[in-house]
Every structure is written in C-alpha cells, then in structure tokens.
Amino acid sequence: MMRLLAITALLMAVPAAGQAPASPPAYAAPAYTAPDYTQSANWLCRPGRADACGGDLAATAVAGNGSTSVVKLPSPTAQKIDCFYVYPTVSTDPTSNSDLSIDTAESNVARIQFAAFRSVCRTFAPMYRQVTLKGLRDAMAGKAGTTDRIMAYRDVVAAWNDYLARDNSDGKGGGRGIILIGHSQGSGVIKALLQNEIEGKPVAARVIASYIPGTNLLVPAGKIVGGDLKSTPLCQSPSQTGCVLAWVSYRDGKVPPTDARFGRTSVPGMAVACTNPAALGGGRAPLRMLLPTATNIVDNASGQSPWAKGATVTTPFVALPGLLSGECVDGDGAQRLAIRVDADPADARTDTIGGDLVFGSQIVESWGLHLIDVNAVLGDMVALADLQSRAWLAQ
C-alpha cells in the first residue's frame with residue numbers, strides 16, 4: 001500500500017454525529033515551548049527556495065474522445081498576496097505527535113493540495129507537531145497515550161505570529177492580503193485560528209478568505225454567519241472578501257449515514273456549512289478537478305481505473321474537463337457537496353473516479369469522498385483565490 005496514510009485517516013478521533021467523544025486516560029502535557037520559526041527548517045514551504053511547493057505541476061487534460069494535452073501551471077510572477085497553509089493529518093511518525101522533520105508525507109501533501117496556489121500567491125506552510133496517525137488511532141481505541149492536540153494548535157499560532165512579524169508587516173499595522181488554506185485536521189486548526197487569533201482583531205482586515213474543507217463548520221441553519229465563527233460569513237460570490245469556504249464531499253445520491261463523521265451535527269439549530277468553490281451562488285456546476293497521478297498519494301482509497309483507453313499520463317496531475325460536477329445539498333439531516341460523475345459510457349474516458357475510503361474490500365460510507373475534498377475542486381479553488389485577491393487589492 002501507499003505511504004500517505006493521513007489523507008485516509010484525517011480526524012479519526014472526531015466522534016460521529018450525535019456521539020459523545022471518547023475519553024482517553026488523562027495525560028498531563030509538559031510545559032509548552034514553541035518551535036523557532038525564524039529557522040527555515042521549520043517551514044514546509046516558504047517563498048524563494050526549492051521546497052515542497054516548487055517543482056513540476058503540469059497537468060494532462062484528457063478529453064472525452066481520449067485525446068490528451070499538457071497544461072502548464074502559470075509561472076509565478078510578482079505575487080501581491082500570500083497563502084498560509086496548514087496540512088492535514090499525514091505524519092507517520094511513531095509518536096502521538098509528530099516531530100518537525102520534513103518527511104515524504106508532508107512534502108507530498110503540500111505538493112498535492114497547496115503548491116498550485118503559487119501562481120496566485122507567495123506560499124507559506126509551517127511544520128507543526130500535529131496529531132499523528134498513531135495518535136488518532138490510539139485516541140479512538142481509548143488507549144493511554146501522550147497525544148497533545150493543544151500543542152499542534154499552539155505551534156501554528158507561533159508560526160502565524162512569526163509570519164506576520166517577519167513576512168507580512170508594513171510597520172504601520174498593515175500588510176499583505178492573506179488566504180488561509182487547510183484540509184481536515186489543518187482546517188480544524190485554521191478554524192480555531194480564526195476564532196482565537198483573527199476575528200475581532202486588526203489582522204482580520206488582511207484575511208482575504210479562508211478555505212477549510214474536510215471539517216464541519218457549523219452555522220445557524222439557513223444562515224451564512226454565526227455559529228463556530230461569530231463574524232466571518234460564508235462566501236457568496238467571487239468578489240466577496242473576508243469570508244470563509246467550507247465543505248465536505250460525498251458522492252451524489254449518497255446520504256451521509258447516521259454515523260457520518262462529516263456533514264451531520266447534533267447541535268440544535270445548527271447546520272454544517274457547504275460552499276461550492278465552483279458555484280458560490282448555489283446550484284450545480286462543473287468542477288475543475290486536478291487529481292494527482294502518482295501511485296503513493298492515497299492509501300486505502302478506492303482504486304482508479306485508467307484515465308482513458310490508450311491514454312498515457314506522465315504529468316503530476318490529470319484533468320478530466322466536464323467529468324465531475326458538484327452541488328451543495330441539504331437533505332435527510334445532512335449538508336454536503338454532492339459530487340456527480342457525468343460520464344459517457346460510450347466515449348474513451350474513464351467512467352469512475354476514486355476517492356472513497358476502503359478498508360479490506362469495503363467502502364467506508366461515513367467518510368464520503370473525504371480523500372478528494374481538495375483535488376476535486378482544486379482548479380476552482382486556485383481560480384477563486386485569484387478573483388478574490390484581485391477584489392481585495394482593488395479595495
């Protein structure tokens with residue numbers, strides 16, 4: 001099987017909807033000492049160096065007739081905004097919290113989910129002592145452990161403050177616009193960062209938007225503001241800034257089961273936010289997916305058939321224009337981004353897309369398409385980041 005377990009096990013310690021969280025034995029955390037984020041080694045991505053956000057990001061576009069064409073990512077120019085990324089649970093370290101060493105797992109996920117934003121912004125991604133796969137599994141099993149979730153969050157706060165002081169300050173209380181980007185555990189950390197470090201503070205004026213897929217962001221049912229975030233509304237148009245996008249993905253026609261980890265809440269009066277990056281105003285729209293083609297991307301995922309009969313894809317990403325569409329759906333007590341495969345069985349292109357979590361031979365329905373929350377709409381996210389940054393700069 002493949003190395004990146006974490007995209008398959010993100011937030012495994014989060015209880016299913018309506019359940020109380022498990023209570024592992026108490027653990028007394030040691031005194032906190034922040035990493036030194038003035039050290040380049042503690043950053044997964046920083047501008048002006050060769051790292052996980054560099055390298056080839058070309059995509060092969062496969063048309064319905066099976067023909068292919070290579071699409072290059074636009075070369076970075078003088079980006080006028082920044083993107084700050086917190087990666088999902090990927091660490092395969094044998095401890096409950098990861099160390100700060102950059103391993104293949106962290107480099108891969110940054111390349112897969114975040115590097116494409118370099119055409120729009122300077123890329124910043126701190127290493128942080130996240131909860132590892134081992135830590136999540138131990139917590140789920142109720143085992144005694146040393147998992148320290150607060151340390152993971154505090155590391156990101158320290159990195160955020162270092163970034164603001166060294167890389168984003170004009171010395172007068174202002175600075176560059178910022179887009180916050182995460183997935184799953186990373187999205188949960190960004191949500192906490194918004195709650196505790198950004199909302200109601202001067203720096204909020206610099207936050208162009210926050211993209212936090214793969215975690216439940218609660219809002220009052222039928223509303224676009226309130227709940228988990230008190231003053232940050234859901235984005236409703238590509239020209240809106242100071243807003244947040246959040247979604248959890250399921251196959252169209254699949255209702256999240258009652259034990260679903262995403263898309264359901266038992267909090268009275270609340271709903272799980274859903275904003276479709278391809279159609280902020282609502283309705284179904286084609287999705288500009290950018291799926292990674294390497295074989296070590298998603299462990300325990302459902303298999304992917306060949307992209308098209310006779311087609312050879314050697315680029316890091318593949319695009320299948322018009323194959324996927326998505327719509328935010330609220331029904332059966334669950335809110336989710338319903339992703340549909342609009343395949344033509346008569347043409348040369350694949351009729352299926354992977355992204356389900358599989359254990360043994362069984363698809364784990366409660367996770368939906370969590371594995372491709374980001375890549376199913378990555379092209380839309382990058383395009384939206386460009387539009388929102390232009391709107392913010394125009395202001």
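Derivation of every value follows stated rules applied to the coordinates shown; laboratory data play no part. Computed from a prediction, not measured in an experiment: that's the story for all the values here. Here Cβ is always computed from backbone atoms with ideal geometry, including for glycine, and neighbour counts include all displayed protein chains.
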Candidate lysines - alpha carbon under 26 Å from LYS134, same-chain residues fewer than 8 apart omitted:
LYS143, LYS191
Straight-line reach from LYS72: which aspartates and glutamates have a Cα under 20 Å away, not including same-chain ones fewer than 8 places off?
ASP51, ASP56, ASP380, ASP386
Amide H contacts of VAL71 (H built 1.01 Å from N, under 5 Å, at least 5 apart or other chain):
ALA59, THR60, ALA61
Distance between the C-alpha centers of the stretch 99-120 and the stretch 40-81? Whole Å please.
11
Got a sec to turn the phi values of the stretch 65-70 into Karplus ³J(HN,Hα) couplings, 6.51 cos²θ - 1.76 cosθ + 1.60 with θ = phi - 60°, whole Hz, x for Gly and Pro?
7, x, 6, 10, 8, 8
HN-Hα J in Hz across the stretch 364-379 - Karplus 6.51, -1.76, 1.60, θ = phi - 60°, x for Gly and Pro:
8, 4, 5, 9, x, 9, 3, 5, 10, 3, 7, 6, 5, 10, 4, x
Computed [θ] at 222 nm, deg cm²/dmol, the chain (DSSP H ≥ 4; -39,500 (n - 2.57); rounded to nearest 500):
-5000 deg cm²/dmol
To make sure I understand the rule: partners must be aspartates and glutamates, Cα under 17 Å from the Cα of LYS201, and not fewer than 8 residues away in the same chain. Which ones qualify?
ASP162, ASP170, ASP228
For ALA50 and ALA204, extending 7 Å from Cα along the Cα-Cβ vector and measuring point to point gives, in nm, a value of 4.3
Between GLY355 and residues 5 or more places away or on another chain, the pairs with built amide H atoms under 5 Å apart involve SER302
Toy charge model, Lys and Arg Cβ at +1, Asp and Glu Cβ at -1: the chain dipole around Cα centroid in debye, rounded to 20, equals 560
